[in-house]
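Visitor: Please read through the structure below; I'll follow up with questions.
Derivation of every value follows stated rules applied to the coordinates shown; laboratory data play no part. Please read these numbers as outputs of a predicted model, since none were measured by experiment. Positions of Cβ are generated from backbone atoms using ideal geometry, with glycine treated the same way; all protein chains shown enter the neighbour counts.
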Amino acid sequence: MSSVSSAKNSEDLEEGLALRPRFDAAGLITCVTSDAVTGEVLMVAHMNADALQKTVESGEAWYFSRSRNALWRKGETSGHVQRVVEIRIDCDQDAVWLRVEQTGGAACHTGRRSCFYRAVIPDEAGGAALKFVAAERVFDPNTVYTKHDHTTD
């Protein structure tokens, strides 16, 4: 981002008012996205500097797909755009939280409202298994996406 500079110390990073995101070695930062009204976590994705800048400038969520090595605007294929209500950054500026209005009712490429539609539960052998919760589909991904449109970072 053009307005980003390095933090001089942890006090500056944690208490200062300058946006200084700390991208990882791959140039990415983790982004948690939730519904602005309900607080429900809709998805977790990654942003690079361009995605964060486009999100700030446009008011719509942009991410970076690791699997496709490309920027993508949420909803560019499905029409289920995320309008950003607020962008927050965590204390050491290495994670972003988007609070959004999710249009179309689904954030997940599987057609569900949230990417978190399965719960981890103990199984009988002392391990863990998955159980579907809130797993109803809002749309059929096979009719919305072509194979390369699915983002499964």
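Visitor: Determine Rg/Rh for region 102-141; Rg is computed over alpha-carbon atoms and Rh is the Kirkwood hydrodynamic estimate from the same atoms. Provide the component values of the computation, followed by the final result.
Guide: Details: Rg = 12.7 Å, Rh = 11.1 Å.
With Rg and the Kirkwood Rh in hand, the quotient comes to 1.14.
Visitor: Can you show me the helix-derived [θ] at 222 nm for the chain, built from DSSP H runs with n ≥ 4 at -39,500 (n - 2.57) apiece and divided by the number of residues, rounded to the nearest 500.
Guide: Details: 3 runs with 20 residues, N = 153.
Value at 222 nm, helices only, nearest 500: -3000 deg cm²/dmol.
Visitor: Got a sec? How would Leu42, Leu17 order by Cβ neighbour count within 10 Å, fewest to most? Intermediate results must be reported in sequence, preceding the final value.
Guide: Details: Leu42 24, Leu17 5.
Going from least to most buried by this count: Leu17, Leu42.
Visitor: Return one number: the angle in degrees, 0 to 90 and rounded to the nearest 10, between the long axis of the Cα atoms of helix 49-58 and the longest principal axis of the Cα atoms of the chain.
Guide: 80
Visitor: I've got another one for you. Counting other C-beta atoms within 10 Å, which of Cys108, Cys115, Cys91 has the fewest, and how do the rest follow? Don't skip to the end; give the middle numbers.
Guide: Numbers: Cys108 21, Cys115 18, Cys91 10.
Ranking Cys108, Cys115, Cys91 by Cβ neighbours within 10 Å, fewest first, gives Cys91, Cys115, Cys108.
Visitor: Write out the cysteines belonging to the chain for which the nearest other cysteine Cβ is not under 4.7 Å, or none if no such cysteine exists.
Guide: Cys31, Cys91, each lacking another Cys Cβ under 4.7 Å.
Visitor: From zero up to wherever the largest Cα-Cα distance of region 10-149 sits, split into 5 Å bins and tell me the percent of pairs in each.
Guide: Cα pair-distance distribution for region 10-149, in percent: 2, 9, 17, 19, 18, 14, 10, 6, 3, 1, 0.
Visitor: Test of the criteria: in region 70-108, which GluC sites (Glu not before Pro) are in a DSSP loop and have at most 14 other Cβ atoms within 10 angstrom of their Cβ? Spell out each step's value before the answer.
Guide: Working: sites: Glu76, Glu86, Glu101; in loops: Glu76.
Hits after loop and neighbour filter: Glu76.
Visitor: Mean separation of Cα pairs under 8 Å and 6+ residues apart, divided by the residue count of the chain: what relative contact order is that in percent?
Guide: 20
Visitor: Taking the number of other C-beta atoms within 10 Å as the exposure measure, put Arg20, Arg112 in order starting with the fewest. Intermediate values should be presented prior to the final figure.
Guide: Working: Arg20 17, Arg112 22.
Placing the least packed residue first, the sequence is Arg20, Arg112.
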